[in-house]
Every structure is written in structure tokens, then in C-alpha cells.
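Student: Sharing a structure here in C-alpha cells format.
Read-outs: derived from the displayed coordinates by stated rules, not from any lab. Fair warning: this is a prediction, and the values are worked out from it, not measured in the lab. Because the Cβ atoms are built from the backbone with ideal geometry, glycine has one as well, and the counts that use them run over all protein chains shown.
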Amino acid sequence: MKIKALALDLDGTLTDSRKEVTERTCLAVGAAIGAGIKIILASGRPLIGIKGVADRLRLFELGGYIMACNGGQVVDCLTGELVFERLLPIGHYAAICGLARKHGLSALTYDGDGIVTEDESAEYVLREAYNNALPIRKVPRLEDEIREEVVKFMVVGEPGRISGALGAFRAALGDGVNVFLSEPYFMELTSKGIDKAYALEKLAGHLGISRGELCGIGDGHNDAPMLEYAGLAVAMDNACEEIKSIADFVTLSNDEDGVAEFIFGRLLGSGGI
């Protein structure tokens, strides 16, 4: 079946280790768009942290979609239309922040300008800021500052502390919150049921595309639902073993233009897929 949409993870997939999209990758994505393939940027990043990549790929001119916050928000780049959104209920915020303090971790979320947190100098808060090229705003108590519902929270810190606290977060927050790791040091908290597969299914329905016509490319644990849903699953060579085990194909690493290699060599090469 011909692929009509390509869902691309960002960090470790579309971007290299410097968090940049290479010229060859830009050319490959442009070629896919020219061949009629819809491009979907599917990331754990917030919307504000994805717009720069979308702009580099000219998606605001050529068309494409942003799937932000691991599927909590989907936006049409060309029209600005909010295709789908599910917010994290505000009643959970105090518990999230309290648990983070109890376990020696840092809670953060996002406003229209960047990251909002109590721990502006914490190592993994700074890493999230670097990943998204966003400024950090320090507040005294995070749960008091966030007065409107947001798409997601993150709790970040040393991997040992994160793994040790994961069960406590799941037990305390119950069925209302989806709690999972995107990296050993990044805990993600979204509304229950939200992941990249759920949002991809919603977007596919909006576009009139079947799952067999979807291709997903990723490298990390939070990409697993997306790759399991997509008709064609592609792992980066730098992907974790979980992702490689469910992939139909493994391309080159993110520092070897693996996305471009797949698009030029497989998706568009010799009659396409």
C-alpha cells in the first residue's frame, strides 16, 4: 500500500545530536511533500518547541502537521487549525508538584513563551530547555502559577530517582493521568489515554488516511505506540532495542541523515513503497 503520511519523531530522529535538521534532511522532507506525502512532526516537545523545526522544513508554507506533547495537541501548519487537543486536568497539578518535591525531582510545564518551573538551574530542566531552545521562567510554587489547564507536565531528574518515583506517581495520580518515560531522566504526564498512536489515529481520520498508509519513524520509548500503530514502522540505528524490535526497517542514525536516507532510498526510491 502506498504511504500517504510520514510521522517523524524529532529528537534522536529528525534532528542530529546538535538538535539541528541538516540540509539533506530538509531536502528529503521537501521531496516527500512534493510527492504528495503528508509530513507530521510527532514529538514529546511542546508546540512552542516544535515550531522552529516546522519553520526550517517550510511546513507553514508547504503544509504539514505538528503533533505536540506526545499527542496531546495536533495543529495544521498551513491553516493554524487545532485539529485535536486534550488537556491535563488542573486538579492533578498540586499532586504532581508535591510528589516531585517529595522525591527530589523537578516539575515543569510550559506557557506561551517557554518553560515554567521552580528549579530553573536543575540539570535536567536545563536539558529540556536546550532540547527545545526555550527560555526558563522561575516561579515560587508551580501549582499556584498555572491557573489554566495545560497539555502536559514533565518531572525530570536523575534516572535512579525517576525510576524509583515512577510507581508512586502512577499510584497517586490514578486513572486520570498517563505517566510514562520518554527518557530515563524525563517523566511525562499527560491526560489519560494520550500517546502518539492515539493522536495519529485522530489525525489519520481527519485526513481520510488508513493506518496502512501511515509510516512512522522514531528512536525512543515514547515512539513505540506510534510505530505499532503505523502500517510501516522505521527505527533509527541509534534507537533503543524496544523500538528496533518492533520496526519493519532500520535506517541510519540521526547523525548519518537516517531520515533522509529512508526517504530518498526507500520511500521515494525505485517506485517508492
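Student: Compute the acute angle (0 to 90°) between the alpha-carbon long axis of helix 23-34 and the principal axis of greatest extent of the alpha-carbon atoms of the chain; round to the nearest 10°.
Tutor: Approximately 70 degrees, to the nearest ten.
Student: Taking H as built 1.01 Å from N, whose amide H comes closer than 5 Å to the amide H of A133, not counting residues under 5 places away?
Tutor: Close amide H contacts, sequence-distant or interchain: none at all.
Student: While we're here: I'd like the FRET efficiency for R147 and A168, computed as 1/(1 + (r/R0)^6) with the beta carbon distance as r and R0 of 25 Å, rounded to 0.05.
Tutor: Efficiency for this residue pair is about 0.45.
Student: Express in nm, to one decimal, how much length is gained between S121 and K102 on full extension, taking 0.36 nm for each residue of separation and deducting their alpha carbon distance.
Tutor: 5.0 nm
Student: To the nearest µm²/s, what D does Stokes-Einstein give for the stretch 157-224 at 25 °C and 0.890 mPa s, using the Kirkwood radius over alpha carbon pairs as Rh?
Tutor: After rounding, the answer is 180 µm²/s.
Student: Test of understanding: what is the full-extension gain from E256 to S17, defined as 0.36 nm times their sequence separation minus their Cα-Cα distance?
Tutor: 85.0 nm
Student: At E241 and H206, where each label point lies 7 Å from the Cα along Cα→Cβ, what is the point-to-point distance in nanometres?
Tutor: Here the answer is 3.7 nm between the modelled labels.
Student: What's the FRET efficiency of D111 with R24 using the Cβ-Cβ distance as r and R₀ = 51 Å, to the nearest 0.05?
Tutor: Computed FRET efficiency for D111 and R24 comes out at 0.90.
Student: Picking from Y229, L203, S245, whose Cα lies most toward the positive end of the charge dipole for the stretch 198-267 (charges on Cβ: Lys, Arg +1; Asp, Glu -1)?
Tutor: L203
Student: Report the semi-axes of the equivalent ellipsoid for the stretch 90-191 in whole Å, largest first, where each axis is √(5λ) for an eigenvalue λ of the Cα gyration tensor.
Tutor: Equivalent ellipsoid semi-axes, largest first: 19, 16, 12 Å.
Student: Give me the net charge of T22's neighbourhood, meaning all other residues with Cβ under 13 Å from the Cβ of T22; Lys, Arg count +1, Asp, Glu -1.
Tutor: After counting each charged neighbour, the total is -3.
Student: Now for a different question. Sort 33-45, 126-138, 165-177 by the packing proxy (mean of other Cβ within 10 Å over each peptide's residues), most packed first.
Tutor: Result, highest mean first: 33-45, 126-138, 165-177.
Student: If you don't mind, there's one more thing I want to ask. Computed from the mean reciprocal separation of all distinct C-alpha pairs, what Kirkwood hydrodynamic radius does the stretch 1-91 have, in Å?
Tutor: 13.4
Student: Which option, (i) 56, 37, 32; (ii) 75, 47, 30; (iii) 56, 44, 34, is the value of Cα extents along the principal axes in Å that was calculated from these coordinates?
Tutor: So the calculated entry is the one marked (i).
Student: Bin width 5 Å, alpha-carbon pairs only: give the P(r) of the stretch 50-90 as whole percents, running from 0 to the bin holding the largest distance.
Tutor: With 5 Å bins starting at 0, P(r) equals 6, 25, 30, 21, 11, 4, 3, 0.
Student: Could you give me the percent of Cα pairs per 5 Å distance bin for the stretch 122-180, shortest bin first, beginning at zero and ending with the bin that holds the maximum distance?
Tutor: Values per bin, smallest distances first: 4, 13, 19, 25, 25, 13, 2.
Student: I would also like to ask the following. Give me the compactness ratio for the stretch 231-273, meaning the Cα radius of gyration over 2.2 N^0.38 Å.
Tutor: Compared with the compact-globule rule of thumb, the stretch 231-273 sits at 1.12.
Student: In the chain, if the dipole is taken from +1 on Lys/Arg beta carbons and -1 on Asp/Glu beta carbons about the Cα centre, which of L189, L214, G104 is farthest to the positive end?
Tutor: Positive-most Cα among the choices belongs to L214.
Student: Subtract the Cα-Cα distance of F264 and A94 from 0.36 nm times their separation in residues, and report this length gain in nm to one decimal.
Tutor: 56.4 nm
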